[in-house]
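The structure appears below as structure tokens.
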Amino acid sequence: MKWRVDVAVQTPAHSALGDVLSYVSGVEVTPGALVRVPLGRREVLGVAWTVQAADADDPPSLALKPVTAVLDALAPLGESWRDLVAFAARYYQRSLGEIALAALPPQLRDLTAVQLARRLKRRSAVPPPDVEDAAPAALALSVEQAEALARLDAETGPFLLFGSTGSGKTEVYLRAVATLLQRDPDAQALVMVPEINLTPQLEARFRERFEGRFGAGAVVSLHSGMTHPQRLASWLAAHGGTARIVLGTRMAVFASMPGLRLIVVDEEHDPSYKQQEGARYSARDLAIWRGHREKAKVILGSATPSLESWYQSRPAQAEDAGGRYTRLSMPSRIGTGALPAVRLVDMNLQPPKTVLSGALLDAIGQRIARGEQSLVFLNRRGYAPVLACADCGWKSECPHCSAYRVFHKIDRTLRCHHCGFTERVPRACPACGNLDIAPVGRGTERLEEHLGELFAAVRRPDGSAIRIARIDADSTRRQGALESQLAAVHAGEVDVLVGTQMIAKGHDFRRVTLVCAIHPDGALFSSDFRAPERLFSLLMQSAGRAGRDAAYVSAQGATGEMWIQTHHPQHPLFAALRRHDYEAFARRELEDRAAAGMPPFAFQALLRADARTQEAAQAFLNAANRAADALEGADRVTRYPAVPLAIQRVANVERAQMLIESSSRAALQRLLAAWQPLLHDLRRAPEGKGVIRWLVDVDPHSI
Ligand SMILES: [Zn+2]
Ligand SMILES: [Zn+2]
């Protein structure tokens with residue numbers, strides 16, 4: 001008896017190979033089993049997708065290449081996991097094998113059946129931990145938390161937990177997980193956070209709460225910052241059911257968890273949940289799909305939900321049956337009292353070229369005198385975004401990109417933030433030889449220097465010199481640098497912290513009583529329709545950093561303040577921010593989006609082409625556009641003309657894109673599916689000449 005096995009393997013993107021490749025096996029293989037199969041001259045890992053008996057009257061099957069090995073020490077991947085992978089592949093227009101293999105820990109690819117069996121044996125040989133039945137000291141819940149938990153328990157969801165910063169969302173997650181695990185000895189929970197940096201804090205809280213009750217291996221992490229052996233160990237624990245709780249970043253949405261009953265997506269609005277390369281999936285959206293498929297409850301949590309989730313959780317009204325999500329609100333901050341006051345500084349009234357207004361400097365000075373901390377936020381790293389010659393107009397353009405190279409004074413370099421091209425700063429203007437080339441504009445490095453000069457003469461209450469620190473992608477490049485910098489802030493060694501949006505997210509700065517945004521105006525008038533939404537959530541989160549520690553704030557008699565320097569103090573976004581009124585902001589944004597027919601009232605995808613020339617990239621897109629005319633249902637989908645990307649050229653590659661939009665998600669999906677084979681053909685046709693790659697981005701984040 002022989003079996004024909006269709007296997008999902010990682011085939012090169014856009015190769016002519018199909019979704020699965022067929023092999024023959026002399027032993028029966030269970031669907032979902034991991035197998036090793038020959039592919040070209042290599043032997044690769046694959047997932048058995050479908051298996052059929054192949055008898056003597058099926059010679060084509062018997063002539064297939066044989067499966068090399070079945071990794072049968074490991075339980076096969078479940079049907080629901082395979083469904084998730086198949087859905088993601090279909091929805092995001094990628095191959096099955098690409099998604100399936102990317103969802104598995106990389107180390108699995110290199111292990112033979114024997115090595116894997118040995119590894120699993122070693123794991124099971126570890127004696128079970130001593131489980132104490134020590135329930136942690138029960139903190140009193142707020143009325144809002146208790147109500148949210150009661151509804152999470154009684155209803156099916158999916159839920160949007162709309163809780164302001166400091167309202168105790170994490171405690172709600174912890175309790176919901178605790179209830180689940182206690183009730184069902186096989187149940188597992190998946191808890192996702194947007195950034196790797198946030199996992200250690202969360203992991204500590206979950207371990208403290210659950211390891212006593214469920215044993216030392218009950219909580220595992222899964223994110224790309226782990227070593228390959230660590231990732232494999234976590235994955236095996238999740239797949240085997242010994243890990244009851246998996247904490248992770250977006251990749252964790254694909255973890256194999258046979259007992260999955262609850263998924264938490266914390267800070268669900270965060271753009272990091274959308275993968276920006278390869279398979280461009282949204283982990284938040286897949287979590288909703290997965291929860292539905294596996295009958296697991298899904299909790300999306302945020303103080304500033306994405307407008308999609310907010311709209312999906314709208315209550316029923318006269319004409320409208322309401323959204324599919326259940327909205328749970330927790331508007332109050334626990335113990336911290338009022339949200340910080342928001343002050344707007346009208347920069348039109350300041351002398352020209354003012355960087356930091358006098359009133360803001362006074363406010364920072366007062367904090368220093370009281371031994372409190374200030375956080376100064378500017379979303380642009382480096383010293384200056386451009387270096388320019390005043391004589392001939394030369395600017396520090398990147399020779400490989402349509403962008404300027406950023407001046408980094410610390411190591412005297414000009415660095416391209418798009419392709420990485422780095423050079424020493426020239427002594428004189430490369431075009432005319434003028435020695436007087438000067439930085440234009442301002443990044444975090446220059447702001448740090450500027451603050452240092454302004455406060456050079458100021459002393460701390462104890463007479464020591466004040467300390468200004470900076471946290472951004474440059475200052476934290478070295479492994480462990482972020483942790484040590486954060487530790488210095490927490491220890492009170494830093495008086496003024498300058499940084500990019502990295503400092504606005506999630507970190508608990510207990511002694512920060514002032515947060516200021518120096519130059520947030522760019523996002524108000526961006527061509528990207530999601531820019532205001534991102535700005536609002538960033539500012540709300542930053543404001544949440546001020547005065548978080550109730551005990552500290554009240555002892556000092558200080559309250560948290562957020563300062564915003566803007567040329568548009570009348571802008572409705574700031575008016576809503578002043579009142580901490582997300583709902584007002586969302587209402588207005590949604591009205592605008594509805595009027596303009598944009599998400600969540602429409603569904604979008606981008607077709608992008610990269611080529612040696614802009615003409616070639618656009619020619620491919622235009623040909624694709626014409627090819628789509630003939631497809632059924634094409635009239636229900638709007639296709640816009642091909643345009644260059646905002647940053648048109650990166651590393652000498654010209655980039656163009658075409659927006660595709662429909663009021664029906666199904667119509668958009670149908671068109672994309674039918675279009676896919678035509679695009680593959682076009683790539684090989686004369687129209688595809690010069691095209692380096694093309695891709696489809698479904699539900700793109702920025703357009
Ligand atoms: Zn010059
Ligand atoms: Zn460049």
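Just so you know, all these numbers are worked out from the coordinates, no wet-lab data involved. Please read these numbers as outputs of a predicted model, since none were measured by experiment. Note that each Cβ is placed from the backbone with ideal geometry, even for glycine, and that neighbours are counted across all protein chains shown.
Where a Cα-Cα gap under 23 Å defines reach, which lysines qualify for residue 395, not counting those fewer than 8 residues away within the same chain?
Result set, ordered by chain and number: 353, 409.
Sort 210, 585 by Cβ crowding within 10 Å, fewest neighbours at the top. Display every interim value, and only then the final one.
On the way: 210 20, 585 25.
Ascending number of Cβ neighbours within 10 Å: 210, 585.
I want the local charge near residue 70. Using Cβ-Cβ distances under 10 Å, sum +1 for each Lys or Arg and -1 for each Asp or Glu among the other residues. Don't jump to the answer; show the numbers that get you there.
Values: positive: 36; negative: 28, 72.
In short, -1.
DSSP beta bridges in the chain, what fraction antiparallel, as a percent rounded to 5?
On the way: 59 of 110 bridges.
Counting DSSP beta bridges with both partners in the chain, the antiparallel share is about 55 percent.
Please compute the alpha carbon radius of gyration of segment 207-260, then divide it by the globular-protein estimate 2.2 N^0.38 Å. Two decimals is fine. Walk me through the numbers before you get to the answer.
Working: Rg = 10.5 Å, N = 54, 2.2 N^0.38 = 10.0 Å.
Scaled against compact globular proteins, the figure is 1.05.
Highest first, please rank the peptides 58-66, 404-412 by the mean number of other Cβ atoms sitting within 10 Å of their residues. Don't jump to the answer; show the numbers that get you there.
On the way: 58-66: 12.8, 404-412: 18.7.
The peptides rank, most packed first, as 404-412, 58-66.
Would you please calculate the Kirkwood hydrodynamic radius of the chain over all C-alpha pairs and express it in Å, rounded to one decimal?
Numbers: mean 1/r = 0.0356 Å⁻¹.
After inverting the mean inverse Cα-Cα distance, the result is 28.1 Å.
Return the whole-Å distance between the Cα centroid of segment 466-543 and the Cα centroid of segment 143-201.
26
List the lysines whose Cα lies under 29 Å from the Cα of residue 169, skipping any in the same chain that are fewer than 8 positions away.
Correct list for residue 169: 274, 295, 297, 505.
For the ranges 73-82, 686-695, 166-175, 592-601, what's the packing order if you count other beta-carbon atoms within 10 Å of each residue, average per peptide, and put the highest first?
Details: 73-82: 18.5, 686-695: 16.4, 166-175: 21.8, 592-601: 14.2.
Top to bottom by mean Cβ count within 10 Å: 166-175, 73-82, 686-695, 592-601.
Quote the relative contact order of segment 180-333 in percent (integer), defining contacts as alpha-carbon pairs under 8 Å separated by 6+ residues. All intermediate terms of the calculation are to be shown ahead of the outcome.
Values: 255 pairs, mean separation 35.0, N = 154.
Across segment 180-333, relative contact order equals 23 percent.
Got the relative contact order for the chain handy, in percent, Cα pairs under 8 Å and 6 or more residues apart?
This gives 11 percent for the chain.
What is the sum of charges around residue 655, taking Lys and Arg as +1, Asp and Glu as -1, for the other residues whose C-beta is under 13 Å from the C-beta of residue 655?
Working: positive: 608, 612, 649, 693; negative: 610, 615, 654, 697.
Spelling it out: positives minus negatives among the neighbours equals 0.
Starting from 0.36 nm per residue, how many nanometres of slack lie between residue 329 and residue 392 once their C-alpha separation is accounted for?
Working: separation 63, 0.36 × 63 = 22.68 nm, distance 5.82 nm.
Stretched fully, the residue 329-residue 392 segment lengthens by 16.9 nm.
Please list log₁₀ I(q)/I(0) at q = 0.17 Å⁻¹ for segment 364-457, using the Debye equation with identical point scatterers on the alpha-carbon positions.
Debye curve over Cα of segment 364-457, log10 I(q)/I(0) at q = 0.17 Å⁻¹: -0.75.
Using amide H atoms built 1.01 Å from N in the peptide plane, name the residues 5+ places from residue 343, or on other chains, whose amide H lies under 5 Å from its own.
Those qualifying (amide H under 5 Å, at least 5 residues apart or on another chain) are 562, 563, 564.
In terms of modelled amide H atoms, which long-range or inter-chain residues lie less than 5 Å from the amide H of residue 403?
398
Mind checking the dipole of the chain: about its Cα centre, +1 per Lys or Arg Cβ, -1 per Asp or Glu Cβ, Debye to the nearest 20?
Details: 84 positive and 76 negative charges, 233 e Å.
Here the size comes out at about 1120 debye.
Give me the mean projected area, in nm² to one decimal, of the convex hull enclosing the Cα positions of segment 148-242. Each step should come with its number before you reach the end.
Numbers: hull surface 27.4 nm².
Reported value for the Cα convex hull: 6.8 nm².
Roughly what percent of Cα-Cα pairs across segment 299-433 reach past 27 Å? Walk me through the numbers before you get to the answer.
Working: 5292 of 9045 pairs.
Percent of Cα pairs beyond 27 Å in segment 299-433: 59.
Taking amide hydrogens as modeled 1.01 Å from N in the peptide plane, which residues meet the under 5 Å criterion relative to residue 161, leaving out close sequence neighbours?
Amide H neighbours of residue 161, under 5 Å, 5+ apart: 300, 301, 302, 328.
Would you mind classifying segment 252-362 by shape? Square roots of the alpha carbon gyration tensor eigenvalues, ordered a ≥ b ≥ c; an a/c under 1.5 is rounded, otherwise it is prolate if a/b is larger than b/c and oblate if not.
Working: a/c = 2.43, a/b = 1.87, b/c = 1.30.
Prolate, since a/c reaches 1.5 and a/b exceeds b/c.
Can you work out the FRET efficiency for the pair residue 120 and residue 63, with r the C-beta to C-beta distance and R0 = 30 Å, to the nearest 0.05?
Calculated value: 0.30.
What residues from segment 293-311 fall in the zone where the backbone N is under 20 Å from a label point 7 Å along the Cα-to-C-beta line of residue 153?
296-300
For segment 199-291, what is the Kirkwood estimate of the hydrodynamic radius, computed as the reciprocal of the mean inverse distance between distinct Cα atoms, to one decimal in Å? Spell out each step's value before the answer.
Values: mean 1/r = 0.0724 Å⁻¹.
The Cα-based Kirkwood calculation yields 13.8 Å.
Under 20 Å from the Cα of residue 689, which aspartates and glutamates turn up, not counting those fewer than eight places away in the same chain?
610, 615, 654, 681
Arranged by the count of other C-beta atoms within 10 angstrom, fewest first, what order do 270, 72, 699 take? Kindly include the intermediate steps, with their values, before the conclusion.
Working: 270 25, 72 16, 699 19.
Sorted ascending by nearby Cβ count, the order is 72, 699, 270.
Using the number of other C-beta atoms within 10 angstrom as an exposure proxy, rank 440, 246 with the fewest first. Spell out each step's value before the answer.
Working: 440 15, 246 24.
Least crowded to most crowded, the residues run 440, 246.
Any idea what log10 I(q)/I(0) is at q = 0.15, 0.16, 0.23 Å⁻¹ for segment 559-630, Debye with uniform C-alpha scatterers and no solvent?
Listed by q, the Debye log ratios stand at -0.75, -0.77, -1.03.
Can you tally the net charge around residue 180? Count Lys and Arg as +1, Asp and Glu as -1, for every other residue whose Cβ sits under 10 Å from the Cβ of residue 180.
Working: positive: 175, 183, 244, 261, 297; negative: 153, 184.
Once positives and negatives cancel, what remains is +3.
How big is segment 503-545 in terms of Cα radius of gyration and Dmax, in angstroms?
11.7, 37
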